[in-house]
Structure formats: structure tokens, C-alpha cells
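The values are calculated or read from the model by the stated rules, or taken from the named source; none is laboratory data. Worth saying up front: this structure is predicted, and the values here are computed from it rather than measured. With ideal geometry, Cβ positions are generated from the backbone for all residues, glycine too; neighbour counts draw on all protein chains shown. In case anyone asks, the SASA skips ligands and DNA or RNA and just uses the protein heavy atoms, side chains included. Shrake-Rupley method; radii C 1.70, N 1.55, O 1.52, S 1.80 Å.
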Amino acid sequence: MNIHNNIIMLRAIEPTDLDVLYRWENDVELWHTSATIAPFSRKQLWDYIENYDGDIFRSHQLRLMIEEMSTQKAVGTLDLFDFDPVNSRASVGILVDNEYQCQGYGKMALSLLEEYCKEHLSLNQLVATVSIDNKQSLALFRSLCYNEVGVMKWWLKRGHQYYDVVLFQKRI
């Protein structure tokens, strides 16, 4: 499955993604966004890639790589999770590598994902939770007309501090 525009493509995970996934998954600065509390080994990530199903109806999650078409380089990843086909919704998470942030890749990727979710998964809505201090992600979801439907207080713990998260929802 390839979903693309003239700049990026959303694609399935490939074995060649091992090194970039290893770097992203083990970046301590990103752990708070995914509730990660321990590093992943290359073997764990290799097993994940090798055994990845990609059938969202079976696993209720889907990971897509964001690839820059001109260089064929992975610039980020998108995750659909908490997939609920009965109620036609899913949660979405996005990571864009620091080197590629603020260049429109996140906005393009989410727009393509929305189209895919509507046309191929028959979803009605997407949901996202964003830490109150993640200014770039807040701006991204706002720029794509996600509605702020609430704030969950003291939702994320980093060290000895708790952070609120904004709950976004968008009907697609």
C-alpha cells in the first residue's frame, strides 16, 4: 500500500528502516510521547519489523513510514492505534525527525493519512492527545482543523512532574 503526493509517501515498514527506528525509539527526548521507559534493542526492533502484520483489522494498529520521495529517506512515522471499526475511529500519533521538522512533512503526512482513513478504512474520526508543552504538535493539529475537545489534567509524567494533554478530535 502506497499513499503519496508529489513530495512524500506513506508506506509500510521495511527491514531497511531498522536503523532509523532504532534511533527514534531510543531517543530519550521522545520517550515521553510514547510512554517508553526503557531502550529497545536492535533484535527487538528487527523482530517487530519481521513479524509486523500491518492488518489494522486484526491488530487494531497500523504503523506507516513517512518517506521523502526525492531521496527515498524516512523522515518520520505515523501510528494509528486504538482502532475501533465498530465506531469508525482511531487514535493517531506522529513523529517527524528533528532534521525535517517545520518543513510541512507532518501536515502533508496527516492529510494523506486522513484521506486513507476515510477512503480505505471508512473511518469517521481521528483522535490525538498532545502534551501541552509540545508547541509544534499543537500547531500541527490546529492547522489541520482538529478540534480541541478537552484537556486531561496531569496525564503525562516526566521525572517528578505531570503534564496536561490536549485532546484533539477531527471528523474526516
Output for segment 149-172, where each listed residue is of a type in the set (K, R) and at pLDDT below 95 | K157, R158
Evaluate the following for L64: is it buried (at least 18 other Cβ atoms within 10 Å of the Cβ) and under 16 Å from F141 (Cα atoms)?
-> no
Residue hits (segment 94-113; over 18 Å from D79 (Cα atoms), part of a helix (DSSP H, G or I) and hydrophobic (A, V, I, L, M, F, W, C)) are none
Mind telling me which of the residues Y116, Y163 ends up being in contact (Cβ under 8 Å) with a residue 24 or more places away in the chain, of a type in the set (S, T, Y) and assigned to a helix (DSSP H, G or I)?
-> Y116
The residue that is surrounded by the most Cβ atoms within 10 Å (Cβ to Cβ), considering only those in segment 1-20 that are touching a residue at least 40 places away in the same chain (Cβ under 8 Å) and assigned to a helix (DSSP H, G or I), is D17
Does D53 satisfy the criteria of being at pLDDT below 95, open to solvent by 40 Å² or more (accessible area, probe 1.4 Å) and touching a helix residue (DSSP H, G or I) at 6+ places or on another chain (Cβ under 6 Å)?
-> yes
Find all pairs meeting these conditions: Cβ atoms under 8 angstrom apart; at least six residues apart or on different chains; first residue within segment 74-94 and more than 30 Å from T16 (Cβ to Cβ); second residue open to solvent by less than 60 Å² (accessible area, probe 1.4 Å) and outside any strand (DSSP E or B).
-> P85/L121; N87/N124; S88/L123; S88/N124; R89/L123; R89/N124
Within segment 95-111, considering residues that are among the aliphatic types (A, V, I, L, M) and free of Cβ contacts under 8 Å to residues at least 40 places away in the same chain, the one nearest to N124 (Cα to Cα) | L110
Answer yes or no: is there a residue in segment 22-39 that is over 22 Å from R158 (Cβ atoms) and in a helix (DSSP H, G or I).
-> yes
Got at least one residue in segment 122-139 being part of a loop (DSSP other than H, G, I, E, B), in contact (Cβ under 8 Å) with a residue 24 or more places away in the chain, open to solvent by 50 Å² or more (accessible area, probe 1.4 Å) and out of contact with any strand residue (DSSP E or B) (no Cβ under 9 Å at 6 or more places or on another chain)?
-> yes
Expected single match for on the phi < 0 side of the Ramachandran plot and out of contact with any Phe, Trp or Tyr (no Cβ under 6 Å at 6 or more places or on another chain) among L156, L64 is L64
